[in-house]
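Structure first, commentary second.
The values are calculated or read from the model by the stated rules, or taken from the named source; none is laboratory data. Bear in mind that the values here come from a model prediction, so they are computed numbers and not experimental data. Virtual Cβ from ideal backbone geometry, glycine too; neighbours counted across all protein chains shown. What goes into the accessible areas is simple: the full protein's heavy atoms, side chains included, and nothing from ligands, DNA or RNA. Shrake-Rupley method; radii C 1.70, N 1.55, O 1.52, S 1.80 Å.
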Amino acid sequence: MSDLRKEFGKVGVLFGGRSAEREVSLMSGKGVLAALQAKGIDAHPFDPAERSIAELATEGFDRVFIALHGVFGEDGSLQGALEQLGIPYTGPGVMASSIAMDKIMTKRICVSNGVPTPAFVSLEVASTTTERLQQVAKEFGLPLMLKAPHEGSTIGIARVESADGLRDGFDLCARYDSVILAEQFIKGRELTVPVIGRGRDARALPIVEIRAPQGNYDYEHKYFSDETEYLCPAPLDEALTKRIQTLAVNAFNAIGCTGWSRVDFMLRESDNEPFLLEINTSPGMTSHSLVPMSARVAGTGYEDLCVEILRLATLGLKQSSK
């Protein structure tokens, strides 16, 4: 028996699920599963859309690697179930997962902890009139970003270029959520920072800059297109790099993340000021994904990264960053 097989026991790789991000999760999970098996770990696929989570306990799984994205995977509900079952899992715990899944709450907490975000307001789908949308556009300016705050993978996002498009953009996002985040558009460079560890030991990996065609980093360009450029490490001076990495770790700890996450920023073109967009607590692990890309630059290959994340799997009080 390999040392890793003995260390980790029977491992479930959770992927697929029931969220709008199922397709991406299938790609992530298959990659993680193959990587763990290649390292000699007794890893098995497990799709919560097809099987009851309770089977993880009855079938003797010792820990799980969560490669689920979106609701029912990274929103805290699965984490709570695993806590009840007593099965250690990767990534942040119940509270941090729930907070990060809500872009609005994430922004409120990060702002209160000194991490800047674009100006924003939350809008109830049921009561938001076209006049209110026009008022928000006047206050924040155009383009205006509209987002379903509980989705990821660029699902439920609209960039509104003119007043005529406000209603359509809002209605598109409303397909996914009952509350919409209206956010000031930041013109600049899109950056992302993976963070691994917990509390004072959390560390930021190299920053990745994303350059999508026409600045449109949508679902297609994120997962399937070869036109999107990724620069890692991002071409930034040392002081700015350290500042953004520090903000990423601060945001990670502010909402109580442990294990691993990815923190997304916009770097404003006019003055190189960074603004946090969101925190992803179960980042993609596909061939196009950014955490593996950053880890490679830091000297950690895909398989070793999966092992490191799995080794950080824990139970209980995971929301504490102290």
* What percentage of all Cα-Cα pairs in the stretch 147-288 are separated by more than 18 Å? -> 60 percent
* Structure fact -> The computed P(r) of the stretch 1-109 puts the percent of Cα pairs beyond 21 Å at 35 percent
* Structure fact -> GNM of the chain, Cα pairs under 10 angstrom: of ASP304, ASP168, ASP47, the biggest fluctuation goes to ASP168
* Asked: Once the whole set of protein chains is in place, how much accessible area is left on SER261, using a 1.4 Å probe, in Å² to the nearest 10?
  -> 0 Å²
* Binning every alpha carbon pair distance of the stretch 107-220 at 5 Å from zero, what are the percents per bin? -> 2, 10, 18, 21, 20, 14, 8, 4, 2, 0
* Going by accessible area, probe 1.4 Å, with all protein chains left in place, what is the ranking of ARG167, ARG175, ARG311, largest first? -> ARG175, ARG311, ARG167
* To do: Find the Cα radius of gyration of the stretch 91-161, compare it with 2.2 N^0.38 Å by division, and give the number to two decimals.
  => 1.23
* To do: Please calculate the 1.4 Å probe accessible area of TYR176, with all protein chains present, and give it to the nearest 10 Å².
  => 90 Å²
* **Net charge contributed by nearby residues that have their C-beta within less than 11 Å of VAL179 (K/R +1, D/E -1)** => -1
* Taking a 1.4 Å probe, which of PHE140, PHE8 shows the most accessible area, and what order do the others take after it? -> PHE140, PHE8
* In Hz, Karplus ³J(HN,Hα) per residue of the stretch 170-184 (6.51, -1.76, 1.60; θ = phi - 60°; x = Gly, Pro) -> 5, 5, 4, 5, 5, 5, 10, 7, 8, 10, 10, 8, 9, 9, 4
* Regarding the chain, what whole-number volume in Å³ per residue does the convex hull of its Cα atoms give? -> 129 Å³
* **Within a Gaussian network of the chain (alpha carbon springs, distance under 10 Å), most fluctuating of ALA182, ALA234, ALA254** => ALA234
* Taking only DSSP H segments of four or more residues, each worth -39500 (n - 2.57), what value at 222 nm results for the chain once the sum is divided by all its residues, to the nearest 500 deg cm²/dmol? -> -10000 deg cm²/dmol
* Asked: Accessible area per residue, 1.4 Å probe, Å², for the chain: what's the number?
  -> 42 Å²
* To do: Please report the Cα spread of the stretch 152-202 along all three principal axes, rounded to whole Å, starting with the longest.
  => 48, 27, 15
* Candidates GLU183, GLU131, GLU273, ranked by Gaussian network fluctuation over the chain, Cα under 10 Å, top entry -> GLU131
* Structure fact -> Of ARG51, ARG211, ordered by accessible area with the largest first and a 1.4 Å probe, the sequence is ARG211, ARG51
* Any chance you could give the angle, 0 to 90 degrees and rounded to 10, that helix 103-112 forms with the longest Cα principal axis of the chain? => 80 degrees
* Relative contact order of the chain, pairs being alpha-carbon contacts under 8 Å that are 6 or more residues apart, as % -> 21 percent
* Structure fact -> A convex hull over the alpha carbons of the stretch 15-62 yields, per residue, a volume in Å³ of 63 Å³
* Structure fact -> the stretch 229-322: spread of alpha-carbon positions along the three principal axes, whole Å, largest first, is 44, 29, 20
* To do: Report, as a whole number in µm² per second, the diffusion coefficient that Stokes-Einstein gives for the stretch 24-182 at 10 °C and 1.306 mPa s using the Kirkwood radius over alpha carbon pairs.
  => 89 µm²/s
* Tally Lys/Arg at +1 and Asp/Glu at -1 over every other residue whose Cβ is under 15 Å from the Cβ of THR58; what's the total? -> -1
* If you add up the charges near VAL121, with Lys and Arg at +1 and Asp and Glu at -1, over every other residue whose beta carbon is less than 10 angstrom from its beta carbon, what do you get? -> -1
* Asked: Roughly how many percent of the accessible protein surface of the stretch 156-313 is carbon and sulfur, given a 1.4 Å probe and a whole-percent answer?
  -> 45 percent
